[in-house]
Amino acid sequence: KFSGPNFTESYCWPPVARGCDVVAISYQGNDPFLYIPPVLTFLQSEDCYKALPRACGPLALVLCPGWKKAKLVFELLKTYERCSRWLHPMLVILGQNKEEAASMKIQGCEVMVTTPYSLLRLFEHHSSLFCRLCHLVLDETEVLLSDAAEQVFTILDYYKKSVTTEAWEYSPRQIIAVGTHWNKHVAHVMKDFMNDPYIVITSMEEASICGNVQQVIQPCTNSGRIAVLLQALDFIHSNIQKVLIFANTANEAEMVHEVLKSNSIFTLKIHKESKLDLKYILEQWTEEYRRGTHVVLVLTDDCVQSLGITDATCVIHFSLPSPGAFGQRLCCMSDNFCNGIKYSSVDQKYPKSIILLTEDSTSDTLGILHYLQHAEAEIPPELHDFTAKILQAEEDKKFSRPLCAYLKTFGICRNRTVCPDRHQINLQIDVPQNIPDKQVSGCVTILPLHIVNATNYFGRIVNKQKDQYTILAEEMNDYFKKPSNKIIAKTVEELAFYGLCEKTLVHRVQVVEIFPKEEENLFFNVKIKYIDEGRTSRIQNYHLLHLPERFLCLPPQAVEFVVCRVKPIDNEIEWNPKVTCYINHKIKGKLHEAKIIHTLGNIAWVDPMVRVTRLSDLKISINEYNVRSEILSTGLGTDNPDHVTELQKL
């Protein structure tokens, strides 16, 4: 069912399949399909690898930024391996337990998928790991080189040293780096580890960073833009300058053109309403000019493709572009882009992009500012407050959203600008909900019933003397034992409460979403929330039972618990399913003693959380295990000392 390679794949596959070193930066740069088919194709040629030593170790290695991406790549390899010879693909995700790495068998594996940290742990016990390695793939290169640069360059050094033996004279050696954003370390990888790399960049914004376009920000008032523009055109270079000035409207273009003419600056103009034809403009633009001449063209974005200009040396954004047009403007300088490795020559003149940023630029400013920070442009000091205000305004738009999961689980969110959830307190939402007033802090008994991940659970706070929910549950079970009381709800409404029988238990549930009824179907699906457990489920409407009012006197009992001061290893942002599965088996449905250190809304942060076993005969209690310690013992968790401090700041 594959219709053929997309635009970026069409450029990437041929050089990868020929065994060339390749750097690919694209909006689709996180898609493993950029390299999987051509790498699998190359691996079919077994004759290419005959000169290699008969040692244990893969022919191809895919480095991914985290376990989740590695798992996805591994699943894809297993799927497409069916069309090729058997390559014994292997997924390697190792924690800090050395015994696991030492006992791992890699014989016969020809394609390995792993993370930088896991690979180095494996290499400690398998010194022949790089002996046969021909193809090294860096998946999501910008993430690898931001979060694990030291580890990646260590691996590249090992790889470089391993391919210097005589056997490699007749064997392929290839590095493939794919990603969505250019990273300053990519130039280092190209220069020190690649051999005449084939560079594919289909994102013009990223190409301009690779091409060393100098981004200059000129803060100004709306009324002062012309003065700043004239100042920007006061060139000091003696070489020919070909300048494009972008306006957003025809009227604005006309105004700028008239001002420049009145200041004796030779200026061309083109927009959809102008009478000059494209042929005349292009003749003027491409004419041979003597050294020191400046050619200026004022235009609007809708003329760029028709003109096809690629040799401009400077672009001035008189008005900020729409999100899609910024790259198009920068593309007009592509003939002058450098090759990604900065020249050492003092005389080298980089193409320049000048942005006139006014107080009215707020609508499109945030995306531009993010890009400029990514491009490592110098942000003027007076813009820092301006940027902070814009960021705060964006954050305020999320004020009714749930609290960010990363913030509550680990204390920080590494990408607040992209994260859809809020990162500040909302007093209306965050008042304590299902936590009894006497138990908002101090020691409590908790019963985890729904395990979200290794440190995040839903459950109940249990009163050992007289637990109100236990009494209610018994009453509901007795009531619904009588068939006459099992009355199917005639009408189903969102946010309404109902009863639900599951095996021998009755639950209180709330409808949170109603799905459209399918054709010729008597029933429809609803999404429900178990208000005393915290989990959600999707069922058909006929399972919902009428719930008498007396069973709603007790408020919902589900509380969200977060275990503090522990996080995943290796800069991961999500827990490995191995840890979650282990903790789920360990704690679900069992009473634990916990100390609540913070509460916010329906969330209670606990530290510690301990399983206590009471020996009634001896009248003593034993701490069976500490949940945080159990997570650390898996080797997939590590200390997070700043967690509580960050929560207090919040």
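Computed quantities for the displayed model
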{"read-out": "Residue match in segment 597-620 (condition: touching a residue at least 24 places away in the same chain (Cβ under 8 Å) and touching a Ser or Thr at 6+ places or on another chain (Cβ under 6 Å))", "value": "no"}
{"read-out": "Residues of segment 72-102 that turn out to be free of Cβ contacts under 8 Å to residues at least 40 places away in the same chain and either within 14 Å of D139 (Cα to Cα) or not assigned by the TED database to the domain that holds T114 (or both), as a count", "value": "1"}
{"read-out": "Qualifying positions in segment 38-49 - in a loop (DSSP other than H, G, I, E, B) and in contact (Cβ under 8 Å) with a residue 40 or more places away in the chain", "value": "Q44"}
{"read-out": "Residue that is among the hydrophobic types (A, V, I, L, M, F, W, C), assigned by the TED database to the domain that holds N485 and touching a strand residue (DSSP E or B) at 6+ places or on another chain (Cβ under 6 Å), where the choices are L545, L522", "value": "L545"}
{"read-out": "So K408, is it modelled with pLDDT of 90 or more, assigned to a loop (DSSP other than H, G, I, E, B) and not assigned by the TED database to the domain that holds N602", "value": "no"}
{"read-out": "Given (1) among the charged types (D, E, K, R); (2) open to solvent by 50 Å² or more (accessible area, probe 1.4 Å); (3) outside any loop (DSSP other than H, G, I, E, B), number of the condition D607 does not satisfy", "value": "(2)"}
{"read-out": "Near pairs, Cβ below 6 angstrom, 6+ apart or cross-chain, from segment 131-150 (touching a residue at least 60 places away in the same chain (Cβ under 8 Å)) to any residue that is open to solvent by less than 20 Å² (accessible area, probe 1.4 Å) and in a helix (DSSP H, G or I)", "value": "H135/V39; L136/Y159; L138/L144; L144/V152; A148/P116"}
{"read-out": "Single residue of segment 74-129 satisfying the filter (within 29 Å of the chain's Cα centre (by Cα) and of a type in the set (G, A, S)) that is surrounded by the fewest Cβ atoms within 10 Å (Cβ to Cβ)", "value": "A101"}
{"read-out": "Enumerated helices (runs of 4 or more DSSP H) restricted to segment 178-297, each holding at least 2 residues that are under 30 Å from K69 (Cβ atoms) and open to solvent by less than 50 Å² (accessible area, probe 1.4 Å)", "value": "184-193, 204-210"}
{"read-out": "Positions within segment 16-37 being assigned to a loop (DSSP other than H, G, I, E, B) and under 21 Å from the mean Cα position of the chain (by Cα), in sequence order", "value": "S26, Y27, Q28, G29, N30, D31, Y35"}
{"read-out": "Only one of Y498, Y479, Y530 that is within 22 Å of V452 (Cα to Cα) and open to solvent by less than 80 Å² (accessible area, probe 1.4 Å)", "value": "Y530"}
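The values are calculated or read from the model by the stated rules, or taken from the named source; none is laboratory data. If you're wondering where the values come from, they're calculated on a predicted model, not measured in any experiment. Don't worry about glycine lacking a Cβ; one is built from the backbone with ideal geometry, like all the others, and counts go over all protein chains shown. These area figures cover heavy atoms from the full protein model, side chains too; ligands, DNA and RNA do not enter into them. Shrake-Rupley method; radii C 1.70, N 1.55, O 1.52, S 1.80 Å.
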